[in-house]
Structures are given as C-alpha cells and as structure tokens.
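A short write-up of the structure that comes next.
The values are calculated or read from the model by the stated rules, or taken from the named source; none is laboratory data. Since we're looking at a predicted model, the values are computed, not measured. When we count neighbours, we look across all protein chains shown, and the Cβ atoms used for this are built from the backbone with ideal geometry, even at glycine. We work out accessible area using only protein heavy atoms, side chains counted, and drop any ligands, DNA or RNA first. Shrake-Rupley method; radii C 1.70, N 1.55, O 1.52, S 1.80 Å.
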Amino acid sequence: KRYALMLSHGLIPTYAQLPVTFEKGDGVWIYDTDGKKYLDALSGIAVCGLGHSHPEVTRTICEQAGRLLHTSNLYQIKHQQDLGEKLASVAGMDGCFFGNSGAEANEAAIKIARLYGNKQEIDNPAIIVMDSSFHGRTLATLSATGNRKVHAGFEPLVQGFIRAPYNDIEAVKNIAANNPNVVAILVEPIQGEGGINVPGTNYLPELHSICEEHNWLLMLDEIQTGNGRTGKYFAFQHHDFTPDVLTTAKGLGNGMPIGACLVAGKATHLLAPGNHGSTYGGNPMVCATALTVVNTIENEKLSDRATHLGSLIASGIEKKLSNCKEFNHVRHMGLMLGIELNTPCPELVGKALDNGLLINVTAGKVIRLLPPLIMSDTEAEEIVERVSQLVLAWAEGL
C-alpha cells in the first residue's frame, strides 16, 4: 500500500513514491501538507547541500526571476561565463559545459571520450567503467552504469563500455594490456548508489597514473561527491592530481536543475561549435543560483564542516550500535555516509518516514545518509539518535 502506483494521479509510475507530500522546508527540516516536521538526512539525494529555503539562494532566485530566466545559448550569458570561470578555478580545470542534470553531464563526458578516441583514429573507442557504478538513466549513461537491474528491459545497450571491479587496480591493468581500443576511464570517487563504497587511498591516484601511461582520459563522475560533500569541494582534491574530465550536478544548484562537465589538459579543445549543446543548459537563472551556491560553500567553509559533521555522525552511530547484532559498520567520507547492516532493510525508509526522518536504503542493506552541509552539531546528533533508534527497533523485531 505504501508504494501504490500513481497512475490515478496522471503520472507514469516510474517512482514507488511514499505517501507524503512536502510543502515547505527550513534548513535541515521539512514539513508535509499536514504540518508534520521531518529531519531531512537525505537532502533530496545530495541536492540541497545548503538546506531548504537558504536565504542567499532564495534571494538570488527571486532577483533573477524578476530580471531574466532564459535567452538560449545562441548568445553570451554573463552568469554562465562567471560560473564557468568560478568552477574552473575551484577545480583547477580549464572550462565547463552546462546541461540540466548529472546524466547530461555524463553524456557530455562520454561524447568527449568518443571524440578523443576518434581523433586518434581508434575506430571503436572504449571506456572502462566499474561494477556497482551509477551514471544516469539516459541510454548511454544507463549502459555505463554497472548494475544489471538498471539495464534490464532496455537492451540493446550502447556499446563501447568495458567493466571492471571497483577498487581493483589489477583488473584495470589487465584490461589495458589486452584492449588497445580503450581511451578513457569513467569512475565515481565514491560510489553513492552502489552503497557508499569508499575505495582505497591510492585507488584514484593509481587510476590517474594508468591513464597518463596509456594516454587515456581520466573522467570522474562527481555528481554526488562534488560541491563540498566529502570534505573538499571535489573529492579528487583529497589527492594530488587533476582529472581530464569531471562531471557534477546535484548540490551545484541546491534544487535548481543544473549539471556541469569540466575539462582540463588533453580534453580541453575537443568539443567545438556544433558538437554538443543544450536548449536550457546554463541559462541565466540556474547559473546565477549555482554561482551563489558555490560562493556560499566557499565563504562559509562548508567543506570543512562536512568533514567535522560526518565524523560526528559516523562515530556516534558506531557507538550507539556497537552491540547491535544487525549492525556491520559505517563507511563515510564527509557527509556521504553508508550504514551497512547484515540483513536487507528496504522497509526502514518507510519506518523512518513514520518517525519524522528522511533516509534512503541502497544496495539492499545500506542506509545512506546525505544530510545538508549547513546543519548544526545538535542537528547532527539528532540524526545519530533517530537513526540509531530506528535500527535498534528494527533489529529487535527481526
């Protein structure tokens, strides 16, 4: 009953929606149409990093709506240029292409890799992608995704992707030794949908070294890890290298639909007029908003807050659940947290909702927490308390 299909509401039932409708939010709190208050530990799946109704974001949206929403990319757009320069500066990269979503940003990255390979006269350029990855639901990004459940029913898939186990350097080296058509690696610094899988410390630097050795592009999908969530503005900045291509979205617009594909080095001069485009991508409204988001994350040092808050939540949950037989461990980096249990627990999403808490369960038995970067220590401790009580009550009832 909780997951009743919504055909009667005029919608194609692509989502198993929970029976609640939200109408307003304030910071880390969100309210439904009956006035019930919920602690949002999911941020719209890593989107509202600045929380709900952030005053600076609200001000920018209202002011820009009164000026100009859209012109098309036939003309120069100052906010787009300003945001491109800002993101390139933050990432240490050379330029940006703006679309409307993470999937579109990844589509741009895939096209860049294909173009790169074809310019090297490789007839069938291939991209290495990882098992348990998630890159989007368009046909190309779905094909790149390492999840058979996502593929099912949509065959034939787009060709040109070679799969490797995540966090396995030897597997990538073996592909390199046996496939001359590889031109790029597409990888998430931390797998979000896959269960908050945090790789070994040397994994990304070693992938970068392999790409340098073979003249491949290293393309990082930072749709979920970007915009301060892991303790750096981008997750790759925990290391000492720069990718050739980087994609981001989600937290970039704090709810406004925007995605970005950034390029550096040998990927910089591949796309030219006519190669790619977007009708809505990078319009004045979304770029003005995203520029406010980026500046706020920097000015308020929210990446540092993510590190502090993530450690507070992770250590608190480990302590509270240390004697729970169903508790396995917590994986986290900044405010990307995965609480792995020993038994599949999809029902915890509904139980949490009943108790005024928004969470997500991914990979079957991992509670995923992606709370706003702006929350207080007290609110972080409240997440610890509510999640711990939720798990303990559930485990006791098994």
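Among the residues in segment 201-218, are any assigned to a strand (DSSP E or B) and within 14 Å of the chain's Cα centre (by Cα)?
As a first pass, look at segment 201-218 and keep what is assigned to a strand (DSSP E or B): 217-218.
Within this subset, residues satisfying the condition of being within 14 Å of the chain's Cα centre (by Cα) are none.
Looking through segment 201-218, none of the residues is assigned to a strand (DSSP E or B) and within 14 Å of the chain's Cα centre (by Cα).
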**Residues (in contact (Cβ under 8 Å) with a residue 12 or more places away in the chain and in contact with an Asp or Glu (Cβ under 8 Å, 6 or more places away or on another chain)) located in segment 328-341** = ASN328, VAL330, ARG331, LEU341
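Which helices (runs of 4 or more DSSP H) sit wholly inside segment 19-129 and have at least 1 residues that are under 26 Å from ILE367 (Cβ atoms)?
So the answer is 43-46, 102-119.
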**Request:** Kindly indicate whether ALA393 is surrounded by fewer than 23 Cβ atoms within 10 Å (Cβ to Cβ) and either of a type in the set (A, V, I, L, M, F, W, C) or not in a loop (DSSP other than H, G, I, E, B) (or both).
**Result:** yes
**Asked** Looking only at segment 242-288, which residues are open to solvent by 20 Å² or more (accessible area, probe 1.4 Å) and either aromatic (Phe, Trp, Tyr) or assigned to a helix (DSSP H, G or I) (or both)?
**Response** LYS250, GLY265, LYS266, TYR280
**Test set (1) among the β-branched types (Val, Ile, Thr); (2) in contact with a Ser or Thr (Cβ under 8 Å, 6 or more places away or on another chain); (3) without any contact (Cβ under 8 Å) to a residue 60 or more places away in the chain - ILE77 fails condition number** = (3)
**Message:** Suppose we filter segment 195-211 for residues that are open to solvent by less than 40 Å² (accessible area, probe 1.4 Å) and β-branched (Val, Ile, Thr); how many remain?
**Reply:** 2
**Item:** Residue check for VAL150: open to solvent by less than 40 Å² (accessible area, probe 1.4 Å), outside any helix (DSSP H, G or I) and in contact with a Lys or Arg (Cβ under 9 Å, 6 or more places away or on another chain)
**Value:** no
**Message:** Just to verify a result, which residue in segment 159-190, among those that are of a type in the set (Gly, Ala, Ser) and free of Cβ contacts under 8 Å to residues at least 40 places away in the same chain, is most open to solvent (accessible area, probe 1.4 Å)?
**Reply:** ALA177
**Complete:** Note on THR378: of the conditions (1) assigned to a helix (DSSP H, G or I); (2) open to solvent by 10 Å² or more (accessible area, probe 1.4 Å); (3) in contact (Cβ under 8 Å) with a residue 12 or more places away in the chain; (4) out of contact with any Lys or Arg (no Cβ under 7 Å at 6 or more places or on another chain), unmet is (3)
**Item:** Restricting segment 119-158 to residues that are free of Cβ contacts under 8 Å to residues at least 40 places away in the same chain and β-branched (Val, Ile, Thr), the residue that is farthest from GLU107 (Cα to Cα)
**Value:** VAL150
**Prompt:** Within segment 315-327, can you find the residues that are open to solvent by 10 Å² or more (accessible area, probe 1.4 Å), in contact with a strand residue (DSSP E or B) (Cβ under 8 Å, 6 or more places away or on another chain) and either within 21 Å of ALA46 (Cα to Cα) or free of Cβ contacts under 8 Å to residues at least 40 places away in the same chain (or both)?
**Reply:** GLU318
**Request:** Confirm whether LEU337 is in contact with a Leu (Cβ under 6 Å, 6 or more places away or on another chain), surrounded by 14 or more Cβ atoms within 10 Å (Cβ to Cβ) and in a strand (DSSP E or B).
**Result:** yes
